[in-house]
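This report refers to the structure that appears directly beneath it.
The values are calculated or read from the model by the stated rules, or taken from the named source; none is laboratory data. For clarity, every value in this text was computed on a predicted model and none was experimentally measured. Note: ideal-geometry Cβ built from the backbone for every residue, glycine included; neighbour counts use all protein chains shown.
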Amino acid sequence: MTAETSQGFTASDAVRTLDELKGYEETLASRTAGLTILVWAFVVAGIPLSYQGLWWWLSQQGAWGIVVSNLLWVPWVVAGITATTILWRTHSIRMQRQEASTKDWLVGIGFTALFFLLAGGVFLVFGFDTETFAAMGVTTGLLTLAIAAANHVKYRHGAFWLPFYVAGIVIFATGLILVVMGAERNVAAFTTVFVQGFAYFIAGSIMVLRG
Amino acid sequence: MDLPPELALIHQPARLKIMGLLYKHGDVGFKDARDFLGLTDGNLASHSDRLAKAGYVEARRVLNRDGFETRYKITKQGREAFREYLDRLRRFLEESEGGGVQRSDCRNVNA
């Protein structure tokens, strides 16, 4: 065997081409992960915003108010999972789209279940009279850190997930400060909406740009 | 690297990328492949056509949400040829001393 072909495309070139192929895939997946976090910025800001917006109305509805308040987060999470699934279908090249879609939904449902477990833990630790939006912030911060750690271990090492870790820490710390301060509901609600949305938006933007 | 004609066809940048992509993903749409590989429409079409004529790739028109799209699928013959190409590439690199290339690099696609 000789190193050159008649076209001048060497074995080393072939190896580099194959390596580039892997690099393209990682970049594409990384950008899609960043876009996913941008989508979820709206979800994590939308959930507390809708609770705060409907707080007075819900408190007037008696039993119905309790039912609605238990389900108010559902449309946001369903919209988030749907958008995420479409995003990954659009931006990634997959051989088995249906299986991947089912897996996406199961992962989404799994993390939602984890959110409620964490929320239960937060109320157990801080007491059941803890301000709801502050507890929501602490829980979302912990969930964000869990998601970052899971993705870090499974998909990509290095600094790629660092912005998402930072987002989780910022959200957690803000929630904790609100709990300790005993912040009034309106303050806690709007702080949580702003910090959660902003932290996810910035983290997602950095991850998209860095690829 | 000397290769028999049926494998020399793969040993070209665009065709190697197309084969690598299809080897890993099996079935890929025209737009996805074009954007992913950074090829022009004409480049992708002409190189895929050459691979199809060799029996390595199948092209078919399918109807999806955005209308008709060409999808490419690697054939059994294409899969075997690509595997043979990677084996020969690896053997060549193993036989070359100080070629400045890491042998592990060509395992990325083969995994």
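Structure summary
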item	result
In the stretch A:139-187, residue nearest to A:Gly53 (Cα to Cα) [restricted to those that are aromatic (Phe, Trp, Tyr) and free of Cβ contacts under 8 Å to residues at least 60 places away in the same chain]	A:Phe172
For B:Asp35: the one exception among (1) part of a helix (DSSP H, G or I); (2) crowded, with 17+ Cβ neighbours inside 10 Å; (3) within 13 Å of chain A (Cβ to nearest Cβ)	(2)
Residue within the stretch B:10-19 that is closer than 23 Å to B:Gly67 by Cβ and either of a type in the set (Ser, Thr, Tyr) or within 9 Å of chain A (Cβ to nearest Cβ) (or both) present	no
Candidate set: the stretch A:1-23, residues that are at pLDDT below 75, facing chain B (nearest Cβ under 7 Å) and out of contact with any Lys or Arg (no Cβ under 9 Å at 6 or more places or on another chain); chosen: the one surrounded by the fewest Cβ atoms within 10 Å (Cβ to Cβ)	A:Thr2
Hits in the stretch B:38-58 (condition: surrounded by 21 or more Cβ atoms within 10 Å (Cβ to Cβ) and within 11 Å of another protein chain (Cβ to nearest Cβ))	none
Total residues in the stretch B:10-32, condition of a type in the set (A, V, I, L, M), under 18 Å from B:Thr75 (Cβ atoms) and surrounded by fewer than 20 Cβ atoms within 10 Å (Cβ to Cβ)	0
Matching entry among A:Thr84, A:Thr102 (being touching a helix residue (DSSP H, G or I) at 6+ places or on another chain (Cβ under 6 Å), polar (S, T, N, Q), farther than 25 Å from A:Val179 by Cα and modelled with pLDDT under 85)	A:Thr84
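For (1) among the small types (Gly, Ala, Ser); (2) crowded, with 17+ Cβ neighbours inside 10 Å; (3) more than 30 Å from A:Ala29 (Cα to Cα); (4) out of contact with any Cys (no Cβ under 8 Å at 6 or more places or on another chain), each residue gets a yes or a no:
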| site | (1), (2), (3), (4) |
| --- | --- |
| A:Ala149 | yes, no, no, yes |
| A:Ala159 | yes, no, no, yes |
| A:Gly168 | yes, yes, no, yes |
| A:Arg185 | no, no, yes, yes |
| A:Ala199 | yes, yes, no, yes |
| A:Met207 | no, yes, no, yes |
